[in-house]
Amino acid sequence: MKTVLILGASSEVALALANQLAAKSCELILAARNSDRLAAVKSDLAIRFGINVTLAEFDALRPDTHKNFYESLEPKPDTAICVFGYLGDHTKAMVDWQESATIVMSNYVGAVSILNVIANDFENRKEGMIVGISSVAGERGRQSNYVYGSAKAGFTAYLSGLRNRLFKSGVRVITVKPGFMKTRMLAGMKTSAFLTAQPERAAALIIRAMQRKKDVVYVLPVWKWIMLIIRNIPEFTFKKLKL
Amino acid sequence: MASDFITNWNNYPLAKSNVSSPVLAEDFSAQLSIGSPFIVRGNGRCYGDASLAPSVTSTLKFNRIIYFDDRKGIITCESGLLLTDILDVIMPRGWFLPVTPGTRFITVGGAVASDVHGKNHHKDGSFSQHVLSLKILTPKGDVIYCNASENSEYFWFTCGGMGLTGIILEVTFSLKKIETGYIRQVQIKSGGLDEVLDLFEQYGHYTYSVAWIDCLKTGSDFGRSILMLGEHATVPELNGARHAFPKKSSTLSVPFYFPSFVLNGLSVKAFNSVFYGKNYKKEMHSMATCESFFYPLDAILHWNRIYGKRGFVQYQFVIPKERGKEGVRNILNRISSKGWGSFLAVLKLFGTQQGPISFNMEGYTLALDIPINDKLFSFLDELDLMVKDYGGRIYLTKDARMKPEIFHSTYPNASNFVSFLNKVDPEKKIVSLLSRRLEIK
């Protein structure tokens, strides 16, 4: 890891990743919407760690701009972490197509669009690492958030296929499946501390997975066992549950 | 938003609060536009209710360094940055904080809102005197810059304004040049209170001075104390024996709240005897790291837990110099006679002060911790009246219980402060338990 591209850099997990990667002397490209909001982050990392930080304008919801965005990056990254996502409002999404579309666009379509471009470049260079932050919500559709869950399920399947394709080129693909994280996304939700990762802890686990070259990693690890159970509940029982 | 019980360093009072933690400046604007009142909170190191409210906005995730000129010694940072994180960046490059309180675990925004003072107050004034510029999000939603010459009214009411004038977003301040991370320290043992009060003036040329008093001693030993003086050490003074900037030392932690019987007259006496006895000569010279000189208690994380779950009060007042000796003596006498147990009584002679609402004034300040008991608050009310009669006042940052009339009659600019706040925050969007208790807004 020398130059790391963080897509969706204004989220708290992304900022924690930026901090911890800067401490490991990685150069950073922070890509986000209205990236000038991150000017303070850029100066902070440069002053504390003496690294180069580039801010880049990136909008996950505009796939038509993704090719140009990537081509204009200089230097090119050797690691890309796809952090952006949109939880949305499920109750609204059930009745409002626009909300559903934004959830699907952000979590799936936008991710596929930018990672297609990056995957081709890494494959040509025969190096690199792609990290996708998916979600445990993608493991089984639940009535409370299946629009988000299905988009993340699509993203998880995409990452799995991409890993399979890029294996022979020496490009690693890591799927990260967070459970609850204590960020603005869950600001309104009361979650069990045992199941909830602080953004700094999540970032540390993601970086550890990158160093250990894992394929799939849960954040926190306890979610691996929870999801094992949830995946194995027979459908005739699952459909009656209030999840 | 999840609601939790939070409390400040003295564990009193306890407040049920919704806490949000903005990450970017825009999140603060969003918080303001919600319209329900809140107070901004840093690292919760004040001793009272200044940063408590039913709704609290924490700055701890708003903590970046925006600018650092290591030739001129000027730094700009977001308000949630801790002093300890600033020190990690500036000390290796030969700079120190212009003013630091006794803990480095406070935010720079808190340092401004409390207009903190340090051991060099008689020489360098309080923190606000070194601030070059503040960037503030006003309660009306405007972003303004202010300092002693531009928007100066806003600036001076923000320094020591307990976070009530708006949200401090960024602080630019000047640093102090140092050659080494060491302090050339002199400790002078003093038999009694009158002696130590005189020593302050005698040793006024030292940059740093503070005295620790054993306030349980009565009779001829009453007010026995140790005056601690310091100067930043130069490279030649280290004699090449040490690396100019030492590594940080490790910390201990108090892992749980002590039961309240642990701290009694006897255990405090024992502690103070050991502490006093350690200074076996009348005058001792030594080389101390900045860390151990400025932040002796930071070496024991969660030391506040020794006072038990019920919490404690840190009573800090200042009395003008003319009547300071008499005032300190009489008040300390009253406290000693109660024998309620204080590890620390810290005495310091302040220099002159500029800020209209800041606590500091030229005179003697005494601070001591007292564990909370049923009779404490009525006793402190009596002490307040004594402080008031001597023309002194109580430090808001350390206050959890003062009556509003004491505040309004001892802070000479209290009514100007209140009308300024009415002007800049007519909808009362920024409100704390302290501002309600003291009838400020």
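The values are calculated or read from the model by the stated rules, or taken from the named source; none is laboratory data. Every value quoted in this text rests on a predicted model; they were computed, and no experiment measured them. Glycine also receives a Cβ, built like all others from the backbone with ideal geometry; neighbour counts cover every protein chain displayed.
Mind checking whether some residue in the range B:12-26 is crowded, with 16+ Cβ neighbours inside 10 Å, over 23 Å from residue B:85 (Cα atoms) and under 17 Å from the mean Cα position of the chain (by Cα)?
yes
Is it the case that some residue within the range B:45-61 is more than 30 Å from residue B:439 (Cα to Cα), within 12 Å of chain A (Cβ to nearest Cβ) and of a type outside the set (Phe, Trp, Tyr)?
Quick first cut of the range B:45-61, residues more than 30 Å from residue B:439 (Cα to Cα) only: B:61.
Still in the list and also within 12 Å of chain A (Cβ to nearest Cβ): B:61.
Filter once more, keeping what is of a type outside the set (Phe, Trp, Tyr): B:61.
For the range B:45-61, residues more than 30 Å from residue B:439 (Cα to Cα), within 12 Å of chain A (Cβ to nearest Cβ) and of a type outside the set (Phe, Trp, Tyr): present.
Would you pick out the residues in the range B:388-416 that are among the hydrophobic types (A, V, I, L, M, F, W, C) and touching a helix residue (DSSP H, G or I) at 6+ places or on another chain (Cβ under 7 Å)?
Of everything in the range B:388-416, those that are among the hydrophobic types (A, V, I, L, M, F, W, C) and touching a helix residue (DSSP H, G or I) at 6+ places or on another chain (Cβ under 7 Å) turn out to be B:394, B:396, B:402, B:406, B:407, B:414.
Consider only pairs whose beta carbons are under 6 Å apart and that are at least six residues apart or on different chains; among these, list those whose first residue lies in the range B:428-441 and is hydroxyl-bearing (Ser, Thr, Tyr) and whose second residue is assigned to a loop (DSSP other than H, G, I, E, B) and surrounded by fewer than 21 Cβ atoms within 10 Å (Cβ to Cβ).
B:435/B:441
If you scan the range B:76-95, which residues turn out to be surrounded by 20 or more Cβ atoms within 10 Å (Cβ to Cβ) and either more than 14 Å from chain A (Cβ to nearest Cβ) or at pLDDT below 95 (or both)?
The one that is surrounded by 20 or more Cβ atoms within 10 Å (Cβ to Cβ) and either more than 14 Å from chain A (Cβ to nearest Cβ) or at pLDDT below 95 (or both): B:83.
Just need a number here: residues in the range A:36-75 that are among the charged types (D, E, K, R), at pLDDT 95 or above and assigned to a loop (DSSP other than H, G, I, E, B).
Number of matching residues: 2.
In the range B:188-207, what count of residues is obtained for those that are at pLDDT below 95 and closer than 26 Å to residue B:242 by Cα?
Of the residues in the range B:188-207, 1 are at pLDDT below 95 and closer than 26 Å to residue B:242 by Cα.
Could you check the range B:335-347 and list, in sequence order, the residues that are surrounded by fewer than 23 Cβ atoms within 10 Å (Cβ to Cβ) and at pLDDT 90 or above?
B:346
Looking for whichever is more than 11 Å from chain B (Cβ to nearest Cβ) and touching an Asp or Glu at 6+ places or on another chain (Cβ under 8 Å) here; the options are A:23, A:40, A:31. Which one fits?
Values: A:23 fails: touching an Asp or Glu at 6+ places or on another chain (Cβ under 8 Å); A:40 fails: more than 11 Å from chain B (Cβ to nearest Cβ).
Answer to the check: A:31.
What do you reckon, is residue A:224 in a helix (DSSP H, G or I) and in contact with a helix residue (DSSP H, G or I) (Cβ under 7 Å, 6 or more places away or on another chain)?
Here the answer is no, as residue A:224 does not meet what is asked.
Quick one: how many residues across the range B:112-159 are more than 20 Å from residue B:413 (Cα to Cα) and under 19 Å from the mean Cα position of the chain (by Cα)?
Of the residues in that region, 9 qualify.
How many residues, within the range B:113-137, are among the basic types (Lys, Arg) and not in a strand (DSSP E or B)?
Residues that pass the stated criteria total 2.
Taking the range A:43-65 only, how many residues are away from chain B (no Cβ under 14 Å) and in contact with an Asp or Glu (Cβ under 9 Å, 6 or more places away or on another chain)?
4
Checking the conditions here, which among B:39, B:6 is more than 14 Å from chain A (Cβ to nearest Cβ), in contact (Cβ under 8 Å) with a residue 24 or more places away in the chain, surrounded by fewer than 21 Cβ atoms within 10 Å (Cβ to Cβ) and aliphatic (A, V, I, L, M)?
B:6
Please go through the range B:114-172 and pick out each residue that is of a type in the set (Gly, Ala, Ser), more than 23 Å from residue B:49 (Cβ to Cβ) and buried (at least 23 other Cβ atoms within 10 Å of the Cβ).
Hit for the range B:114-172 is B:125, nothing else.
Hey, any hits in the range B:354-366 for a residue that's among the acidic types (Asp, Glu), under 26 Å from residue B:226 (Cα atoms) and assigned by TED's automatic domain parsing to the domain that holds residue B:316?
Yes - at least one qualifying residue is present in the range B:354-366.
Filter the range A:119-173 down to the residues that are in contact (Cβ under 8 Å) with a residue 60 or more places away in the chain, crowded, with 22+ Cβ neighbours inside 10 Å and closer than 19 Å to residue A:66 by Cα and list them by number.
Across the range A:119-173, the qualifying residues are A:131, A:133.
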